[in-house]
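**Student:** Would you mind keeping the following structure in view while I ask a few things?
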Amino acid sequence: MGIFSDKDIVEGMMTGYLGISDYSERGLTPNGYDLRIAEISIRGDENKYTEGTVTIPPRTMFYVSTIERVRMPADACAQLWLRTTWIRKGIMGAFGKIDAGFEGTLTLGAYNATDDPVELPIGERFCQMVFEGLNSCSVKDYAERSGNYQGQTGITLEPVKK
């Protein structure tokens, strides 16, 4: 099927084929959807920040949880790409794919690679999700294979108990 267009994404949500909770029209792009920051955790800081603007210290790893809860169909996955807005400020992210059959919020790891603090507003768009159709349905989806983070909510660094 290839990469989903904005039209494919909206139709997929309307028919129930895929799910994006707390959907925002502003997040829709021509070939994806921008996920927003719900929560930030900074490595070495016990707090989880859920409001305001969070300052990420220089040379520091941090985690972001998404506002949106995603539900993937059995015949699609999604790439995650850090928005260039953040790349230009010195943020680096290492993201995987969202597997077919995954359901939950996303926990994303990132790093402030600069010598300067970077401010991240809660609610701001952080990364783009680009849906890709599989040639066929998976034999076993994410929940059936590992499902380590199936149903997660908020920043989740350890597998969800089954």
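The values are calculated or read from the model by the stated rules, or taken from the named source; none is laboratory data. Small disclaimer: the values here were computed from a predicted structure and weren't measured. Quick reminder, even Gly has a Cβ in these numbers, built from the backbone with ideal geometry, and neighbours come from all protein chains shown.
Residues are listed down the side, and each one gets a yes or a no for (1) modelled with pLDDT of 95 or more; (2) hydrophobic (A, V, I, L, M, F, W, C):
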residue	(1), (2)
GLY96	no, no
ALA110	yes, yes
VAL118	yes, yes
ILE122	yes, yes
PHE126	yes, yes
CYS137	no, yes
ALA143	no, yes
GLY147	no, no
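**Student:** When the residues of segment 130-162 are filtered to those that are small (Gly, Ala, Ser) and outside any loop (DSSP other than H, G, I, E, B), which remaining residue is nearest to THR55 (Cα to Cα)?
**Tutor:** For segment 130-162, the residue satisfying everything is ALA143.
**Student:** State which residue is farthest from GLU144 (Cα to Cα) when the search covers only segment 98-117 and only residues that are within 14 Å of the chain's Cα centre (by Cα) and β-branched (Val, Ile, Thr).
**Tutor:** THR107
**Student:** Which one is surrounded by the fewest Cβ atoms within 10 Å (Cβ to Cβ), of the residues in segment 149-162 that are touching a residue at least 12 places away in the same chain (Cβ under 8 Å) and out of contact with any Phe, Trp or Tyr (no Cβ under 9 Å at 6 or more places or on another chain)?
**Tutor:** LYS162
**Student:** With a cut-off of at least 1 residues that are aromatic (Phe, Trp, Tyr) and without any contact (Cβ under 8 Å) to a residue 60 or more places away in the chain, name the strands (runs of 3 or more DSSP E) lying wholly within segment 31-129.
**Tutor:** 60-66, 76-82, 107-112
**Student:** Shifting gears a bit: Within segment 21-30, track down each residue that is in contact (Cβ under 8 Å) with a residue 60 or more places away in the chain and surrounded by fewer than 17 Cβ atoms within 10 Å (Cβ to Cβ).
**Tutor:** ARG26, THR29
**Student:** Further, regarding this structure: Tell me, which residue of segment 4-29 that is part of a loop (DSSP other than H, G, I, E, B) and either acidic (Asp, Glu) or under 12 Å from PRO73 (Cα atoms) (or both) is nearest to the chain's Cα centre (by Cα)?
**Tutor:** Only one residue tops the list, namely ASP22.
**Student:** Moving to a separate point now. Could you please find all residues in segment 52-74 being of a type in the set (A, V, I, L, M, F, W, C), closer than 29 Å to MET13 by Cβ and surrounded by fewer than 19 Cβ atoms within 10 Å (Cβ to Cβ)?
**Tutor:** Listed by number, the list holds a single entry, ALA74.
**Student:** Name the residues in segment 75-88 that are buried (at least 16 other Cβ atoms within 10 Å of the Cβ) and over 15 Å from the mean Cα position of the chain (by Cα), would you?
**Tutor:** If the condition is that a residue be buried (at least 16 other Cβ atoms within 10 Å of the Cβ) and over 15 Å from the mean Cα position of the chain (by Cα), then ASP75, ALA76 are the ones that fit.
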